[in-house]
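The next block holds one structure in the form of structure tokens; read it before the comments.
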Amino acid sequence: MDGPRSDVGRWGGNPLQPPTTPSPEPEPEPDRRSRGGRARSFWARCCGCCSRRNRADDDWGPEPSGSRSRGSGSRSRGSSSRDRRPDSRGSGINAAGDGTIREGMLVVTGVDLLSSRSDQNRREHHTDEYEYDELIVRRGQPFHVVLFLNRSYESSDRIALELLIGNNPEVGKGTHVIIPVGKGGSGGWKAQVMKASGQNLNLRVHTSPNAIIGKFQFTVRTRSEAGEFQLPFDPHNEIYILFNPWCPEDIVYVDHEDWRQEYVLNESGRIYYGTEAQIGERFDHGVLDACLYILDRRGMPYGGRGDPVSVSRVISAMVNSLDDNGVLIGNWSGDYSRGTNPSAWVGSVEILLSYLRTGYSVPYGQCWVFAGVTTTVLRCLGLATRTVTNFNSAHDTDTSLTMDIYFDENMKPLEHLNHDSVWNFHVWNDCWMKRPDLPSGFDGWQVVDATPQETSSGIFCCGPCSVESIKNGLVYMKYDTPFIFAEVNSDKVYWQRQDDGSFKIVYVEEKAIGTLIVTKAIGSNMREDITHIYKHPEGSEAERKAVETAAAHGSKPNVYATRDSAEDVAMQVEAQDAVMGQDLTVSVVLTNRGSSRRTVKLHLYLSVTFYTGVTGSTFKESKKEVPLAPGASERVTMPVAYKEYRPHLVDQGAMLLNVSGHVKESGQVLAKQHTFRLRTPDLSLTLLGAAVVGQECEVQIVFKNPLPVTLTNVVFRLEGSGLQRPKVLNVGDIGGNETVTLRQTFVPVRPGPRQLIASLDSPQLSQVHGVIQVDVAPASGGMNFSDAGGDSRSGETIPMASRGGA
């Protein structure tokens, strides 16, 4: 997984091999001058009137040595905004290139980008929650800059701002932006003088709504009668530019403020997988650099980073590690001894910062972890994004757009032929954008799926795919619509082996796939059903048309031609609310809807299954013959004791019930697959005292082991945006049916409503989570603190506060 990738993929023209010690930004080339002949003057390139000046003014001289290095700068980090002056390492550069400042030159002695989290820029651009000191703005929206000069600004003075990104910035590619002050710029870039007061100059800078997103270096050039000056590059003056859902001219614009608050700014999400799990999405220091590093690591051209379609597609490829050494290693084996159980993660920060710090893929992830990280990355870059869970999600392996299940003559599953699978649930992402690359009508929510299932154009990525095209079966729309359509709206087709070895369709189940599609509701932790935006009502004419339209473009376009419609016995499968460690019962209800007596020969096969649909061997089965009077219903039950299923449990405690039946009188075949999970307990979190910024607070965590066996090597994880950096707690063993209590302290760093999230993991039990709302009061001085305690890189051994029996 850590070697160079052999498949160059979509961005093969710009390969970037994994560095031993990664840098969030590739080191720039020191010289950006033209390759041949004499370089044109800066002012000749950016300003038409200046191109007619004297030949003596043509040469700016060489750029300062190391002017773009991360170590040079004009001020120290601790200096105040009024004292930001060049130090000895970064004196201004004049036309002669010797650093001499002539009398009368307009020299920029310092810059105030108003970049602190409490300043106007950060608040107006909705970036004040990012734990960064640098300026973070959203494209297409103006921001303010103060220039400190060596003298008063005069009308004859000329000033230009420069923004540069990438190894070889070019004006034509949008990676070198020149903004003459007081003149209309190109593509939406411009700068205006708002106020000239003494030696201070207040500017209002407008960025293009199509600007490249990323971290730009910033400088200022001036020209006066006495000469020309360039402010040295200072790493403290770097500017992050993000997508802007608040800007109507940006193609990621979202026209609902409550949507923007939920899908862009919310730092804590909820992901549903059988039961709910909390996955945090945060703007901690370093996370934005990690998100941009992902694009760098993939070698994505800077010129393409203004396009959300391309950016989201690259993120879907890079969040998984296959073929490009991306963020997360997928693991569905059940053995997580060399990494972290996917169910144990409580946030994305630990994952992203580890990837940024080491350059190596992080073990391990499954679909909800891939989706949680993708939500964090896309929201951090400015795209409105949400996590989406599809229950009974199909995985079509042969592009037939149907789920094909094969049985023998006695309707026992032929697992060696069942390559298609139905995941109990699958989690992906929706992100909001216009699609100028598609015909009209396909803007809005787009599916992006970072879980590596099938390749797309030779690499493991998926999307963005218009939800509208999925709903109507328009599987010829890009990207990856056939695969996603099959996940939400394909039919289950049951094939039975005949006496001559051939296979015949004996049953088509139309409502088995995509039974419920949900996301977190806006402004609450409630679940919102969004099935209707993905598919027309089940069984409606529009829904059937969409399925048949899609299937006509699949590998088996005539699959529905051999359907047998003689059905007068209905079957329904039920499973009680099963709890891990307890006995359970499964039931099948048969109903005779005809006017004649029927006899059903019924077979039940129970096996454990991974959530991906991969099944283990059958550990319990039952065969019964059930007589049905006309109009009558009969319930068939199969009890299952804990001691029967315990030896067979696999990750996530899911089970698959295969039910098949044959009606003697009519020859009707009944078939049904039903999956269910064993519920795990929640962690109980209680806040012990008020939470105030900068003051230590304590939380109590209570857990009761639901199993009669000892849990070994138990690990708790604790994390909360603005409350607690990712923290790992090793608590040892917990006895069978034992209750344990532990207490942890944390120091809030940001005021307002926050969530503290905890998880428990052990080899015997996982998927145990808890969350508590923490309303943090501001500190007496109203200040924020720069960091939260805790270190995700080392585990801490914690003694239990108390233990108790059942």
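The values are calculated or read from the model by the stated rules, or taken from the named source; none is laboratory data. All values derive from a computational prediction rather than experimental measurement. With ideal geometry, Cβ positions are generated from the backbone for all residues, glycine too; neighbour counts draw on all protein chains shown. Just so you know, the surface numbers come from the protein's heavy atoms only, side chains and all, with ligands and any DNA or RNA stripped out. Shrake-Rupley method; radii C 1.70, N 1.55, O 1.52, S 1.80 Å.
Values for this structure:
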item	result
Filtered residues of the range 699-729 (kept if within 23 Å of L265 (Cα to Cα) and open to solvent by 20 Å² or more (accessible area, probe 1.4 Å))	R725
Any hit, the range 165-172, residues being assigned to a strand (DSSP E or B) and either over 18 Å from F243 (Cα atoms) or open to solvent by less than 30 Å² (accessible area, probe 1.4 Å) (or both)	no
Breaking point among (1) more than 20 Å from the chain's Cα centre (by Cα); (2) farther than 18 Å from G616 by Cα; (3) open to solvent by 10 Å² or more (accessible area, probe 1.4 Å), for L401	(3)
Checking G188 against (1) assigned to a strand (DSSP E or B); (2) in contact (Cβ under 8 Å) with a residue 24 or more places away in the chain, the condition it does not meet	(1)
Test: residue in the range 714-727 that is modelled with pLDDT of 80 or more, on the phi > 0 side of the Ramachandran plot and assigned to a strand (DSSP E or B)	no
Any hit, the range 135-157, residues being open to solvent by less than 40 Å² (accessible area, probe 1.4 Å), in a loop (DSSP other than H, G, I, E, B) and touching a His at 6+ places or on another chain (Cβ under 7 Å)	yes
The range 485-496 residues that are under 15 Å from E454 (Cβ atoms), paired with ones that are at pLDDT below 85 and not in a strand (DSSP E or B) (beta carbon under 7 Å, 6 or more apart)	F485/L401; F485/A550; A486/D396; A486/L401; S490/D396; S490/L401
Qualifying position, being under 33 Å from the mean Cα position of the chain (by Cα) and of a type in the set (F, W, Y), among F676, F619	F676
Residues located in the range 218-262, provided they are of a type in the set (D, E), in a loop (DSSP other than H, G, I, E, B) and over 19 Å from I165 (Cα atoms)	E225, E249, D250, D255
Residue under evaluation V740, criteria (1) open to solvent by 10 Å² or more (accessible area, probe 1.4 Å); (2) at pLDDT 90 or above; (3) among the aliphatic types (A, V, I, L, M), criterion not met	(1)
Candidate set from the range 173-198 (those that are over 16 Å from I241 (Cα atoms) and among the β-branched types (V, I, T)); member that is least open to solvent (accessible area, probe 1.4 Å)	V181
R597, sole failed condition from (1) modelled with pLDDT of 90 or more; (2) out of contact with any strand residue (DSSP E or B) (no Cβ under 9 Å at 6 or more places or on another chain); (3) open to solvent by 70 Å² or more (accessible area, probe 1.4 Å)	(2)
Looking only at the range 305-330, and only at residues there that are touching a residue at least 12 places away in the same chain (Cβ under 8 Å) and out of contact with any strand residue (DSSP E or B) (no Cβ under 8 Å at 6 or more places or on another chain), the one that is nearest to I213 (Cα to Cα)	G306
Hits in the range 467-483 - residues which are among the hydroxyl-bearing types (S, T, Y), touching a residue at least 24 places away in the same chain (Cβ under 8 Å) and open to solvent by less than 10 Å² (accessible area, probe 1.4 Å)	S469
Boolean, V636 is in contact with a helix residue (DSSP H, G or I) (Cβ under 6 Å, 6 or more places away or on another chain), within 26 Å of A570 (Cα to Cα) and either free of Cβ contacts under 8 Å to residues at least 60 places away in the same chain or not in a strand (DSSP E or B) (or both)	no
In the range 743-757, residue most open to solvent (accessible area, probe 1.4 Å) [restricted to those that are at pLDDT 90 or above and polar (S, T, N, Q)]	T745
Lone qualifier among N424, N410 - being part of a strand (DSSP E or B), open to solvent by 10 Å² or more (accessible area, probe 1.4 Å) and either within 30 Å of Q498 (Cβ to Cβ) or in contact (Cβ under 8 Å) with a residue 40 or more places away in the chain (or both)	N424
Top-ranked residue in the range 99-126 [being in contact with a Gly (Cβ under 9 Å, 6 or more places away or on another chain) and part of a strand (DSSP E or B); ranked as nearest to A226 (Cα to Cα)]	V108
The range 337-358: number of residues that are among the small types (G, A, S), within 16 Å of S759 (Cβ to Cβ) and not in a strand (DSSP E or B)	4
Selection count, the range 440-466, where residues are at pLDDT 90 or above and either open to solvent by 10 Å² or more (accessible area, probe 1.4 Å) or assigned to a loop (DSSP other than H, G, I, E, B) (or both)	10
Matching residues, the range 677-698, being surrounded by 21 or more Cβ atoms within 10 Å (Cβ to Cβ) and either more than 28 Å from P753 (Cβ to Cβ) or out of contact with any Gly (no Cβ under 9 Å at 6 or more places or on another chain) (or both)	L678, A691
Any hit, the range 359-371, residues being touching a Lys or Arg at 6+ places or on another chain (Cβ under 9 Å), assigned to a helix (DSSP H, G or I), open to solvent by 10 Å² or more (accessible area, probe 1.4 Å) and modelled with pLDDT of 90 or more	no
